[in-house]
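Undergrad: Got a structure here, written out as structure tokens. Questions coming.
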Amino acid sequence: MSQDLPIGTHEGLPEADYHVRELGVASKSALDLVHRSPAHYKAWVDGTLEEEDRLAFKRGTALHCAVLEPEKYARIYTAHPDFGDCRKKENKAARNEWREANKSRIWLPEDMLESVNGMSRSVLAHPLASKLFIGGKSEVTLRWQDETTGLQCKARVDYLSGNGATAIDLKSTDNADYDAFKRSVSRYGYHRQAAFYSEGLRALEKPVSYFLFVAVESAVPYGVATYSLNAEALAKGLSSIRDDLETLATCVKTNEWPGYPVRLQELDLPPWAA
């Protein structure tokens, strides 16, 4: 995505354009890396940081498409058959023929496609979650300028309700149970995401009253649960995000990208270990 993308909300922006890495443009993923260390963020922008689990990312992208854009999902996703040992000439030829016939589609391993199909069916059959994805807009890209640091910011909201009062984020998870997902919120910074996205919508004069998570498990029975965050969690998320925005702004200004603290650090045990 070019830094020339106008301030505002945008629909239909290709996912690849949104995920372009731009030095000094703040996204939730970028700020998570700044939170780890500015050096990690800079390596990510430069393309030298090792990628995360690409299969998990691919499954998440497919799930979003299946739930939010089902017609597109049916058109572009397909299972890649198992052609056996492709060192054998006939197997390799069959595989190559299939790939040529399906080169315009996105291939997923058969077990992953089965999982995505099961998750999407479960979400769309859920008495509450299914109603959240009706009458609104999906995959809405936000572009705004942070008032304090002057940094350009971006976010991609999974779904905005028709009245604009609610933002919904769809999450694939191993465990959607209350306590387990609460740990996921802390581990993956979902409270930071909710705060950052809400700030973007507020800056664009489209404030939301609610930021909700729809969590769906990636294995049978594909359990679904819906969650919101309390005011304390959102405040902590916003405070954390603001610290990272300030750090990023300083690093951009000085062109210095420090790693971990250069001092001896004393460790204690996390609360759950007590």
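The values are calculated or read from the model by the stated rules, or taken from the named source; none is laboratory data. Quantities reported herein were computed from a predicted structural model and do not represent experimental measurements. Virtual Cβ from ideal backbone geometry, glycine too; neighbours counted across all protein chains shown. For accessibility, only protein heavy atoms count, side chains too; no ligands or nucleic acids. Shrake-Rupley method; radii C 1.70, N 1.55, O 1.52, S 1.80 Å.
Undergrad: What about R187, is it buried (at least 19 other Cβ atoms within 10 Å of the Cβ), of a type in the set (D, E, K, R) and more than 15 Å from T9 (Cα to Cα)?
TA: Against the criterion (buried (at least 19 other Cβ atoms within 10 Å of the Cβ), of a type in the set (D, E, K, R) and more than 15 Å from T9 (Cα to Cα)), R187 does not qualify.
Undergrad: On to the next question. Could you give every pair whose Cβ atoms fall below 9 Å, whose first residue belongs to the stretch 165-187 and is in a helix (DSSP H, G or I), and whose second residue is exposed (fewer than 14 other Cβ atoms within 10 Å of the Cβ), counting only separations of at least 6 or pairs across chains?
TA: Close Cβ pairs (under 9 Å, with a partner that is exposed (fewer than 14 other Cβ atoms within 10 Å of the Cβ)) amount to A180/D174; R183/W272; S184/D174.
Undergrad: If you don't mind, another one. When you go through (1) over 18 Å from the mean Cα position of the chain (by Cα); (2) under 30 Å from L23 (Cα atoms); (3) touching a residue at least 12 places away in the same chain (Cβ under 8 Å) one by one for V140, which number turns out not to apply?
TA: (1)
Undergrad: Next question. In the stretch 207-266, what residues are in a loop (DSSP other than H, G, I, E, B) and touching a strand residue (DSSP E or B) at 6+ places or on another chain (Cβ under 9 Å)?
TA: If the condition is that a residue be in a loop (DSSP other than H, G, I, E, B) and touching a strand residue (DSSP E or B) at 6+ places or on another chain (Cβ under 9 Å), then V208, S209, S218, Y222, G223, L229 are the ones that fit.
Undergrad: Moving on to the next point. If a residue must be within 15 Å of the chain's Cα centre (by Cα), over 19 Å from S198 (Cβ atoms) and at pLDDT 95 or above, how many such residues does the stretch 7-32 contain?
TA: Here the count works out to 0.
Undergrad: How many of the residues in the stretch 193-211 are under 21 Å from D243 (Cβ atoms) and surrounded by fewer than 17 Cβ atoms within 10 Å (Cβ to Cβ)?
TA: So the count comes out to 1.
Undergrad: With of a type in the set (A, V, I, L, M, F, W, C) and either closer than 30 Å to A203 by Cβ or at pLDDT 95 or above (or both) as the only criterion, which of A155, A101, A94 stands out?
TA: Sole residue among the options that is of a type in the set (A, V, I, L, M, F, W, C) and either closer than 30 Å to A203 by Cβ or at pLDDT 95 or above (or both): A155.
Undergrad: P270 is checked against (1) open to solvent by 60 Å² or more (accessible area, probe 1.4 Å); (2) modelled with pLDDT under 95 and fails just one. What number does that condition carry?
TA: The number of the failed condition is (1).
Undergrad: Examine the stretch 256-266 for a residue that is more than 22 Å from the chain's Cα centre (by Cα), under 28 Å from E139 (Cβ atoms) and open to solvent by 20 Å² or more (accessible area, probe 1.4 Å), and state whether such a residue exists.
TA: No, every residue in the stretch 256-266 fails to be more than 22 Å from the chain's Cα centre (by Cα), under 28 Å from E139 (Cβ atoms) and open to solvent by 20 Å² or more (accessible area, probe 1.4 Å).
Undergrad: crowded, with 20+ Cβ neighbours inside 10 Å, in a helix (DSSP H, G or I) and either of a type outside the set (V, I, T) or at negative phi (or both): does that describe Y159?
TA: It is false that Y159 is crowded, with 20+ Cβ neighbours inside 10 Å, in a helix (DSSP H, G or I) and either of a type outside the set (V, I, T) or at negative phi (or both).
Undergrad: Look through R183, R202 and report the one residue that is closer than 19 Å to A56 by Cα and out of contact with any Ser or Thr (no Cβ under 7 Å at 6 or more places or on another chain).
TA: Testing whether each residue is closer than 19 Å to A56 by Cα and out of contact with any Ser or Thr (no Cβ under 7 Å at 6 or more places or on another chain) leaves just R183.
Undergrad: How many residues, within the stretch 24-57, are out of contact with any Ser or Thr (no Cβ under 9 Å at 6 or more places or on another chain) and open to solvent by 80 Å² or more (accessible area, probe 1.4 Å)?
TA: Qualifying residue count for the region: 10.
Undergrad: Could I ask something else about it? For the stretch 69-124, name all the residues that are without any contact (Cβ under 8 Å) to a residue 24 or more places away in the chain, within 20 Å of Y159 (Cβ to Cβ) and hydrophobic (A, V, I, L, M, F, W, C).
TA: A74
Undergrad: Looking for something part of a strand (DSSP E or B) and either under 24 Å from the mean Cα position of the chain (by Cα) or not β-branched (V, I, T) (or both) - is there at least one such residue anywhere in the stretch 116-136?
TA: Scanning the stretch 116-136 turns up no residue that is part of a strand (DSSP E or B) and either under 24 Å from the mean Cα position of the chain (by Cα) or not β-branched (V, I, T) (or both).
Undergrad: How many residues are more than 24 Å from S218 (Cβ to Cβ) and open to solvent by 70 Å² or more (accessible area, probe 1.4 Å) when one looks only at the stretch 66-95?
TA: 5
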